[in-house]
Amino acid sequence: MPRPRIPTQLKLLRGNPGKEAIRPEPQPTRPATLPDPPDFLMPIAQDEWWRIGEELHRLGILTIADIHPLAAYCQAYARWAAAEEALAKMANGDALTGALMIRNTSGGPQANPLVKIAANAARDMVKYASEFGLTPVARARIAAAADPDKPASKFAGLLAG
């Protein structure tokens with residue numbers, strides 16, 4: 001299976017260490033300012049929208065076409081945070097399993113469904129985050145300066161790869 005193409009903006013931020021031809025893909029409109037989060041986002045997701053969206057906008061990565069994937073990332077973040085917070089509260093009263101197990105309707109032990117909810121949300125969150133270059137592995141591939149508006153030095157390409 002071929003590796004997925006790297007978006008042009010990320011390739012430019014990385015410095016194109018392979019010196020391969022840059023074939024720009026169609027560029028959706030980049031908003032002048034970060035748009036408001038969609039109304040359906042949970043409050044924690046809206047907070048994450050403003051936190052991470054500002055940085056994506058500053059880096060020039062966020063376009064109008066990225067609004068819904070960013071919303072999906074933020075919602076996954078909120079679900080993960082809510083599930084982990086609920087697990088932490090439950091764990092305070094459960095010294096034996098730390099809330100990893102609960103009693104089912106017949107009184108027997110069963111895995112706490114919140115554990116699976118938290119794991120699935122974390123998996124989704126990391127998947128979406130990597131699409132935007134927000135994971136440590138994705139960031140390690142980016143050789144961006146602290147200020148993308150500042151021109152890179154003539155030696156920047158030597159250190160980028």
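The values are calculated or read from the model by the stated rules, or taken from the named source; none is laboratory data. Quick caveat: nothing in here was measured; it's all calculated off a predicted structure. Counting neighbours? That spans all protein chains shown, and the Cβs are built from the backbone with ideal geometry, glycine included.
Would you mention how many residues in the stretch 102-134 are more than 28 Å from Thr63 (Cα to Cα) and surrounded by 14 or more Cβ atoms within 10 Å (Cβ to Cβ)? If you could, list the steps in order and put the result at the bottom.
Going through the stretch 102-134, the residues more than 28 Å from Thr63 (Cα to Cα) turn out to be 102-119.
Then drop every residue that is not surrounded by 14 or more Cβ atoms within 10 Å (Cβ to Cβ), which leaves 102, 112, 114-115, 117-118.
Selection size over the stretch 102-134: 6.
Checking Val137 against (1) of a type in the set (A, V, I, L, M); (2) more than 30 Å from Pro69 (Cα to Cα); (3) modelled with pLDDT under 85: exactly one of these is not met. Which one?
(2)
Can you name the residue in the stretch 75-122 that is in a loop (DSSP other than H, G, I, E, B) and of a type in the set (Gly, Ala, Ser) and, of all such residues, is nearest to Phe40 (Cα to Cα)? Before the answer, list the steps.
Step one: of the stretch 75-122, the residues in a loop (DSSP other than H, G, I, E, B) are 93-100, 104-108, 112.
Still in the list and also of a type in the set (Gly, Ala, Ser): 93, 95, 98-99, 106-108.
On the way: Gly93: 33, Ala95: 37, Gly98: 32, Ala99: 30, Ser106: 37, Gly107: 37, Gly108: 37 Å.
Among residues in the stretch 75-122 that are in a loop (DSSP other than H, G, I, E, B) and of a type in the set (Gly, Ala, Ser), the one nearest to Phe40 (Cα to Cα) is Ala99.
Determine if the stretch 41-53 includes at least one residue that is in a loop (DSSP other than H, G, I, E, B) and of a type outside the set (Gly, Ala, Ser). It would help to see each step written out before you state the result.
From the stretch 41-53, those in a loop (DSSP other than H, G, I, E, B) are 41-42; that's our starting set.
If we keep only those that are of a type outside the set (Gly, Ala, Ser) too, we end up with 41-42.
Yes, because at least one residue in the stretch 41-53 is in a loop (DSSP other than H, G, I, E, B) and of a type outside the set (Gly, Ala, Ser).
Please determine, by comparing only the residues of the stretch 54-83 that are of a type in the set (D, E, K, R) and surrounded by 16 or more Cβ atoms within 10 Å (Cβ to Cβ), which one is nearest to Arg14 (Cα to Cα). Spell out the reasoning first.
So in the stretch 54-83, the residues of a type in the set (D, E, K, R) come out as 54-55, 58, 66, 79.
Remaining after also requiring surrounded by 16 or more Cβ atoms within 10 Å (Cβ to Cβ): 66, 79.
Values: Asp66: 20, Arg79: 31 Å.
So, considering only residues that are of a type in the set (D, E, K, R) and surrounded by 16 or more Cβ atoms within 10 Å (Cβ to Cβ), the one nearest to Arg14 (Cα to Cα) is Asp66.
Taking the stated definitions as given, is Lys19 free of Cβ contacts under 8 Å to residues at least 24 places away in the same chain, over 18 Å from the mean Cα position of the chain (by Cα) and not in a helix (DSSP H, G or I)?
Working: free of Cβ contacts under 8 Å to residues at least 24 places away in the same chain: yes; over 18 Å from the mean Cα position of the chain (by Cα): yes; not in a helix (DSSP H, G or I): yes.
For Lys19, the condition - free of Cβ contacts under 8 Å to residues at least 24 places away in the same chain, over 18 Å from the mean Cα position of the chain (by Cα) and not in a helix (DSSP H, G or I) - is met.
With the structure loaded, tell me whether Pro24 is farther than 21 Å from Thr135 by Cα, at pLDDT 85 or above and not in a helix (DSSP H, G or I) or whether it fails that test. Quick ask: steps written out before the conclusion?
Values: farther than 21 Å from Thr135 by Cα: yes; at pLDDT 85 or above: no; not in a helix (DSSP H, G or I): yes.
So Pro24 fails the test.
For residues in the stretch 68-116 being at pLDDT 90 or above and among the charged types (D, E, K, R), which is farthest from Tyr128 (Cα to Cα)?
Among residues in the stretch 68-116 that are at pLDDT 90 or above and among the charged types (D, E, K, R), the one farthest from Tyr128 (Cα to Cα) is Lys89.
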